[in-house]
Amino acid sequence: MYKDDFHLAAGCYLLNHSVGRALKSSQDDFNQHFFAPWQASNKEPWQQWLAVISRFTTALSLLFNSPSEQFCPQVNLSSALTKLVMSHPRLQQAGCKVLMAQSDFPSMGFAMQKALASGAKIEFIPEHVDLTDSAQWQPFIKADIDLVFISHAYSNTGQQAPVAEISKLCKQVGCLSIVDVAQSAGVLPLNLSQVDVDFMIGSSVKWLCSGPGAAYLWVSKAQLSICEPQDVGWFSHQNPFEFDIHHFAYHDTALRFWGGTPAIAPFVIAGHSMQYFARLGIDKVRAHNLALLAQLTTELAPYVVSPVAPTKCSGTAIINFAEQQTAILAALTAADISVDMRAYGVRVSPHIYNDSADIERLIKVVKRVLNK
């Protein structure tokens, strides 16, 4: 029944790990909250536009169960990560050590390398390690590690990291933790009031169906006062409209990370879409996603290389057809079934607007090629 709420072209769209489909109501909402304040009167529209940012952070608050004051809009995850790392004195020490995984999205590694102080070191968990098992993380989380970077979901492997357990390991040895929810926000529930991480970064282009340009960061209450961002602007100020060039005071909320004059348009779209998913409930999205993944992985079990257990799998199934991979991908493309391929196989990500008929359609095409 959710198909009617989204713009879905002919064919079958299963690329939700890349870009989610837009809500049909987004355009009217955009006109109302972006263009109307700009066009309807001779007054400057900033007060109405800034209300859009409040809607955005309120929606994040509902999705992740944490006060809206702990969220700050960002352009993208790389920028958010850079701002966070450069803001924290512990992460700017010459001997700082950070733990990442070889399977993390490369952009995060690029940003981390440049944001850390000279002489800092990044250690990588090898690619073969099972990142779904907290026991496999434990040997790498040592007392000399200053920050552990956790991807909630891994785009190329379909793995889900046990964030709560990993964050506990971090607390036991006294290191900071940051979770990247780019591949999980909107499909894997994450309750920040129960998961004891220090920072979170995320975007809304994928499962939250909000388009690019509306990323965000979150800072725990314990770390917020410690962080002093270097990349600031008038919206990082406690009073952005003070207009005194000789006085700067950090905003007492996460908005201290905001910076200069903000973009508004991406956050109009994102706030509207996030409200939709907050009302729907991520638990419902996940239950639907798991049902369709089970249908897929049961029928194609010999070829599934990603985890299938609900606590270990992301919203994406990775299916490897070995020497028949190219032929199957071509057949799926010819049948107007939208998937893609990375190093470990074909990626398939069913969302709330997909149904069992979509999965059955994909299975039939695959089996037709396999049985030739």
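The values are calculated or read from the model by the stated rules, or taken from the named source; none is laboratory data. As the structure is a computational prediction, the values presented were derived from the model and not from experiment. Cβ atoms come from the backbone with ideal geometry, glycine included; neighbour counts cover every protein chain shown. Remember, those area values only see protein heavy atoms, side chains included, never the ligands or the DNA or RNA. Shrake-Rupley method; radii C 1.70, N 1.55, O 1.52, S 1.80 Å.
Straight-distance candidates among the lysines for linking to Lys364, with alpha-carbon spacing under 25 Å and chain neighbours fewer than 8 residues away dropped: Lys3, Lys372.
Classify the stretch 41-91 as rounded, prolate or oblate from the Cα gyration tensor: take a ≥ b ≥ c as the square roots of its eigenvalues, call it rounded if a/c is under 1.5, otherwise prolate when a/b beats b/c and oblate if not. Verdict is oblate for the stretch 41-91. With contacts taken as Cα pairs under 8 Å and at least 6 residues apart, the stretch 26-279 reaches a relative contact order of 25 percent.
Kindly sort Tyr154, Tyr344 by accessible area of their heavy atoms, largest first, with the probe set to 1.4 Å.
Ranking Tyr154, Tyr344 by accessible area, largest first, yields Tyr344, Tyr154.
With a 1.4 Å probe and all protein chains left in place, how much of the accessible area of the stretch 26-279 comes from carbon and sulfur atoms, in whole percent? Ligands and nucleic acids excluded, carbon and sulfur give 53 percent.
Tell me, in nm to one decimal, what length is gained between Ala334 and Val173 on full extension, where the rule is 0.36 nm per residue of separation less the Cα-Cα distance?
Fully extending the segment from Ala334 to Val173 adds 52.7 nm.
Here the spin labels are modelled as points 7 Å beyond Cα on the Cα-Cβ line, and at Glu228 and Ala117 they lie 1.3 nm apart. A 1.4 Å probe run over the stretch 37-117, with the rest of the protein chains in place, finds 46 Å² accessible per residue. Count Lys and Arg as plus one, Asp and Glu as minus one, and take only other residues whose Cβ is under 13 Å from that of Ser66; the net charge is then -2. Here the scattering of the stretch 26-279 is modelled by Debye summation over its C-alpha atoms, one equal scatterer each and no solvent; at q = 0.10, 0.12, 0.16 Å⁻¹ the log10 of I(q)/I(0) is -0.49, -0.69, -1.18.
Size descriptor for the stretch 215-372, Kirkwood hydrodynamic radius: 19.5 Å (Cα pairs only, one decimal). For the stretch 215-297, the solvent-accessible area of protein heavy atoms averages 44 Å² per residue (probe radius 1.4 Å; ligands and nucleic acids excluded). Taking amide H as placed 1.01 Å from N in the peptide plane, the amide H of Asp340 sits under 5 Å from that of Arg347, each at least 5 places away or on another chain.
Straight Cα distances below 24 angstrom link Lys312 to the lysines Lys142, Lys168, Lys171, Lys206, Lys284, with same-chain residues fewer than 8 positions distant left out.
Counting only Cβ charges, +1 for Lys and Arg and -1 for Asp and Glu, the dipole size of the stretch 109-200 around its Cα centre is about 160 debye.
How big is the dipole moment of the chain about its Cα centre under a simple scheme where the beta carbon of each Lys and Arg is +1, that of each Asp and Glu is -1, and everything else is neutral? Debye, nearest 20, please. If you can, show how the numbers build up before the last one.
Working: 27 positive and 30 negative charges, 110 e Å.
It works out to roughly 520 debye.
Note on Lys142: accessible area is roughly 80 Å² with a 1.4 Å probe, heavy atoms of protein only. Take the Cα of Ala294, step 7 Å toward its Cβ, do the same at Leu62, and the gap between the two points is 2.8 nm.
What do you get for the angle between helix 106-115 and the principal long axis of the chain? Use alpha-carbon atoms, 0 to 90 degrees, nearest ten. It works out to around 20 degrees. Taking all Cα pairs closer than 8 Å and separated by 6 or more residues, the relative contact order of the stretch 301-342 comes to 28 percent. Note on Ala36 and Leu280: the extension gain reaches 85.1 nm, defined as 0.36 nm multiplied by sequence separation minus the Cα-Cα distance. Look at the alpha carbon pairs under 8 Å that are at least 6 residues apart: their mean separation over the length of the stretch 301-372 gives a relative contact order of 31 percent. Among the protein heavy atoms of the stretch 291-338, carbon and sulfur supply 61% of the accessible surface, probe 1.4 Å, non-protein parts ignored. Entry comment: accessible area of the stretch 134-203 is 30 Å² per residue, from protein heavy atoms only and a probe of 1.4 Å. Comparing Val179, Val232, Tyr2 along the charge dipole axis of the chain, the residue lying farthest to the positive side is Tyr2, per the Cβ-charge model.
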